[in-house]
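The values are calculated or read from the model by the stated rules, or taken from the named source; none is laboratory data. All of these numbers come straight from a predicted model, not from anything done at the bench. Note that each Cβ is placed from the backbone with ideal geometry, even for glycine, and that neighbours are counted across all protein chains shown.
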Amino acid sequence: MTRLLSFRLSVAFAAVLGFTLMLVPLLAVHGVESALALGLLLPPWVAATAASYTARHGEQRGLDLIWHAIGAGLFVWAIPAVLLAVNALRVRQCAPGEGLALMVLGPALGCALAGAVGVWCAAVVRRPRLSVAVAAAVPVVAALFGLWTFYATPTVYVFGAFAGYFPGAIYDELVRIPGRYLNYRATVALGLLALAVIFDALWNPGSRRIELLARSRSRAGALIVGLGTLGIVLATYAQGDRLGHWVTKSEIVERLGKTEKGRHCIVHLPRETKAEAAQRVVDDCDFHVERASRLSGVPLNAPITAYFFRSAEEKKTLIGVGRTLIAKPWRHEVYLQMTRWPNAVLGHEVVHAVMGPEGRKPFAVASKLGGLMPNPGLIEGAAVAIAWDLRDGLDPDQWSRIMLDRGELPEADLLMGLGFSRLPARRAYMAAGSLMRFLMETRGMEAFRKAYRRGSVAGLSELEAAWHGYLGRVPVSEEQRGVAEVELARPSIFTAVCPHELARLRSNLSADAAARDDSRMLETCRAILDIDAGEAQARAALIGALARSGDEEGALGELQALQRDMNAPKPIVAGALEALADARWTRGELREARSLYSELLDIPRVDGPARQAEVKRLALVASPEERAVLRQMLVDRTSSPVAVHLARTIATLRDDGLGPYLEGRQLWGQSEYALALPLLEEAKRRGLPTARLGRELDRLIGLSAFALGRYERSAAAWRDRMALSRAAEAESTLWLERIEYAQRGAFSPRLGGPSLVPPVAP
């Protein structure tokens, strides 16, 4: 084998591949990405080598040929596998056991299978050069078949016989080895065994041919075993949809259980969804589809199908992605999970499906090279621009302005190329959305559609210069800059240390926090910090767990490290201070707690935590009875039914609207809009103790009134919010359009944010 030129070339290629992967942070150690890369690139070389060897040394027994081919395949695989293992001395490897398992299950088994396939190809195709070409083509065709599974079904993950496991969207960092992958690879291993046994039974070393009739009599037992094993493999493959190797549309529809149809949408929901809640989802989908169509100018040629899974976990199980939300425009489908109404990202995902007719086949997205090279920046930028995604109270223009001022705004060439996927998600999406909206406003929607059809933006440098000039005029407050710090500090998955292990630990930390298990929180926080000492949010959580556990000195030491050594984003420092204040309140140190709450209220934070901190500070200057009730609600975090009761108690203790507001908010969170709205109106009548609470009250009234069909009251609430901020204006405008659509069945939408182009006189 070592004398073969094809083997030497395979070894050289494997070595070059291994050294190349060592230079890419995400691929530098054993893991799901490096395993996939080896599984895609090595098997064609192994299969070609095995075919060449068989053509030259066919006088050996069948099992010997298979064994040599498998051995050669494993040797080729071992070269980059060993290089990456050694590289773990240089680059942190956080889950070596799981990484090695992925390497063995994926490319090791794939290369072994490729060796057996190469032997078979040489035996069946008698012309040596042709047999080598056919053998190399088999793993490539298998990979294309995996791509077909992704294309033809709702499934996002892909299992490949040679390639192994493609887990799905790159932004879905939480990746574990699923049980269905193990039984799939067990099936592949059985298939390899069947190929080896059958070949050995049928191969005649003397004639160097497969002799079916002559050998079947003398090797009947082995042939029966081999064919029986192959039968098991084929039967397992036939049940692939039931075993989770892929998932069909009918399987998902059956699992969800409820289907509703609207004007433009077919919506599949959990069967337990109440009728009124289901209708709200359908109405929202219809609105967003029509809005995207009207704004983009793309006519609707087919209904959009939306799948709403019960949870991120169910979506992960069925299609392969959890928290990441996706669309398949070529299938006119979007995939989300049920959330509190209204779904904040439905409009974004719908845009992808609506823009499908403008995209190039086969994937119906903005792309080049005959539709085979998508332009992710143009695709996602279009969705952000048309839906005008708001995040943490900032619009895409404001996010881009902050990035520009910090020197972190991605260049337009990077945004509109494959480099988009290497950027941190928030930076990439917001910048691309702002740029695409600027294009729409300055060059017109027809120019945007032309760029989408072409897969690239003409005159990008000129557009970028004008865009930067516009961003310099976008108003941004210091508080908004502080809020943005947290997200802008997040690294890309391609540069993060152990991103999948960190994602797993963060998931564990969320579960620990929900269970209020401080001892486990301490362990999880320290595990995160052991991987990434600069993980500010984990250190903030650690401070809270230490404070609640009575280790005041340890908590203060970690707080000092958070502020001084890490220079953490201000909102994260505020979260740590709040956890420390909560602990002091619990211990009865009211003066110290009040001082901390006052301090953190001067730190920029998103509205939700800031509102809660305001109410906590109010509680510490209230009566003992009121303070005890609010502590039970806000610090002890009681269940929702108990919280409703406690909020009602607050209403009897205070003259202002805080009690009705808290009770109404709890009921709103349970979708009890008919019960919530009168309480929210009562809170409005009485007045609230802080302006921030008042702003949120108008939003809740607007949503609740809309859900009950009280459109005029809803419109009044949204108009009251219009002047608060750019984000509030954009959100209010969207809901006023939504109200018009609900009342008239038609509306005239406009792009979010202020217009860049002066109105032209008729």
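Listing for the model above:
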{"quantity": "Number of positions in the range 683-705 that are within 30 Å of V384 (Cβ to Cβ) and either among the polar types (S, T, N, Q) or in contact with a Pro (Cβ under 9 Å, 6 or more places away or on another chain) (or both)", "calculated": "2"}
{"quantity": "Any hit, the range 753-761, residues being touching a helix residue (DSSP H, G or I) at 6+ places or on another chain (Cβ under 6 Å), surrounded by 19 or more Cβ atoms within 10 Å (Cβ to Cβ) and at negative phi", "calculated": "no"}
{"quantity": "Selected residue (only one of L21, L9 is farther than 17 Å from P107 by Cα, in contact with a helix residue (DSSP H, G or I) (Cβ under 8 Å, 6 or more places away or on another chain) and not in a loop (DSSP other than H, G, I, E, B))", "calculated": "L9"}
{"quantity": "Residue that is surrounded by fewer than 24 Cβ atoms within 10 Å (Cβ to Cβ) and either of a type outside the set (V, I, T) or closer than 24 Å to Y53 by Cα (or both), where the choices are L83, L113, L102", "calculated": "L83"}
{"quantity": "Criterion (surrounded by 20 or more Cβ atoms within 10 Å (Cβ to Cβ), more than 22 Å from the chain's Cα centre (by Cα) and among the charged types (D, E, K, R)) met by exactly one of E290, E276", "calculated": "E290"}
{"quantity": "Any hit, the range 512-532, residues being within 23 Å of H30 (Cβ to Cβ) and either of a type in the set (S, T, Y) or surrounded by fewer than 16 Cβ atoms within 10 Å (Cβ to Cβ) (or both)", "calculated": "yes"}
{"quantity": "Checklist (1) under 26 Å from R490 (Cα atoms); (2) out of contact with any Phe, Trp or Tyr (no Cβ under 6 Å at 6 or more places or on another chain); (3) not hydrophobic (A, V, I, L, M, F, W, C) applied to G371, failing item", "calculated": "(1)"}
{"quantity": "Selection status of G534, of a type outside the set (A, V, I, L, M, F, W, C), over 20 Å from R323 (Cβ atoms), out of contact with any Cys (no Cβ under 7 Å at 6 or more places or on another chain) and modelled with pLDDT of 85 or more", "calculated": "no"}
{"quantity": "Any chance R564 is more than 31 Å from the chain's Cα centre (by Cα), more than 24 Å from D636 (Cβ to Cβ) and among the basic types (K, R)", "calculated": "yes"}
{"quantity": "Candidate set from the range 129-148 (those that are under 26 Å from the mean Cα position of the chain (by Cα) and of a type in the set (A, V, I, L, M)); member that is nearest to G73 (Cα to Cα)", "calculated": "A143"}
{"quantity": "Boolean, R242 is of a type outside the set (A, V, I, L, M), part of a helix (DSSP H, G or I) and under 28 Å from Y151 (Cβ atoms)", "calculated": "yes"}
{"quantity": "For V457: the one exception among (1) within 27 Å of the chain's Cα centre (by Cα); (2) assigned to a helix (DSSP H, G or I); (3) crowded, with 16+ Cβ neighbours inside 10 Å", "calculated": "(2)"}
{"quantity": "So G377, is it of a type outside the set (K, R), in a loop (DSSP other than H, G, I, E, B) and in the same structural domain as V334 (by TED's automatic domain parsing)", "calculated": "no"}
{"quantity": "In the range 353-364, the residues that are over 22 Å from W246 (Cβ atoms), outside any loop (DSSP other than H, G, I, E, B) and either in contact with a helix residue (DSSP H, G or I) (Cβ under 8 Å, 6 or more places away or on another chain) or assigned by TED's automatic domain parsing to the domain that holds W148 (or both)", "calculated": "V354, G356, E358, R360"}
{"quantity": "Those residues of the range 221-252 which are farther than 30 Å from E333 by Cβ and of a type in the set (S, T, N, Q), in sequence order", "calculated": "T229"}
{"quantity": "Residue in the range 200-239 that is modelled with the lowest pLDDT, counting only those that are part of a helix (DSSP H, G or I) and in contact with a strand residue (DSSP E or B) (Cβ under 8 Å, 6 or more places away or on another chain)", "calculated": "A214"}
{"quantity": "Selection status of L680, under 30 Å from R587 (Cα atoms), surrounded by 23 or more Cβ atoms within 10 Å (Cβ to Cβ) and under 36 Å from the mean Cα position of the chain (by Cα)", "calculated": "no"}
{"quantity": "Filter pass, L404 being surrounded by 24 or more Cβ atoms within 10 Å (Cβ to Cβ), assigned by TED's automatic domain parsing to the domain that holds P329, modelled with pLDDT of 95 or more and not in a loop (DSSP other than H, G, I, E, B)", "calculated": "no"}
{"quantity": "Test: G393 is more than 25 Å from T153 (Cα to Cα) and surrounded by 24 or more Cβ atoms within 10 Å (Cβ to Cβ)", "calculated": "no"}
{"quantity": "Flag for L5 being aliphatic (A, V, I, L, M) and out of contact with any Pro (no Cβ under 6 Å at 6 or more places or on another chain)", "calculated": "yes"}
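Each row is one residue, and each column tells you yes or no for (1) of a type outside the set (S, T, Y); (2) within 18 Å of the chain's Cα centre (by Cα); (3) part of a helix (DSSP H, G or I); (4) in the same structural domain as P96 (by TED's automatic domain parsing).
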{"site": "L414", "(1), (2), (3), (4)": "yes, no, yes, no"}
{"site": "M430", "(1), (2), (3), (4)": "yes, yes, yes, no"}
{"site": "S434", "(1), (2), (3), (4)": "no, no, yes, no"}
{"site": "R437", "(1), (2), (3), (4)": "yes, no, yes, no"}
{"site": "L463", "(1), (2), (3), (4)": "yes, no, yes, no"}
{"site": "A466", "(1), (2), (3), (4)": "yes, no, yes, no"}
{"site": "V476", "(1), (2), (3), (4)": "yes, no, no, no"}
{"site": "A503", "(1), (2), (3), (4)": "yes, yes, yes, no"}
{"site": "L509", "(1), (2), (3), (4)": "yes, no, yes, no"}
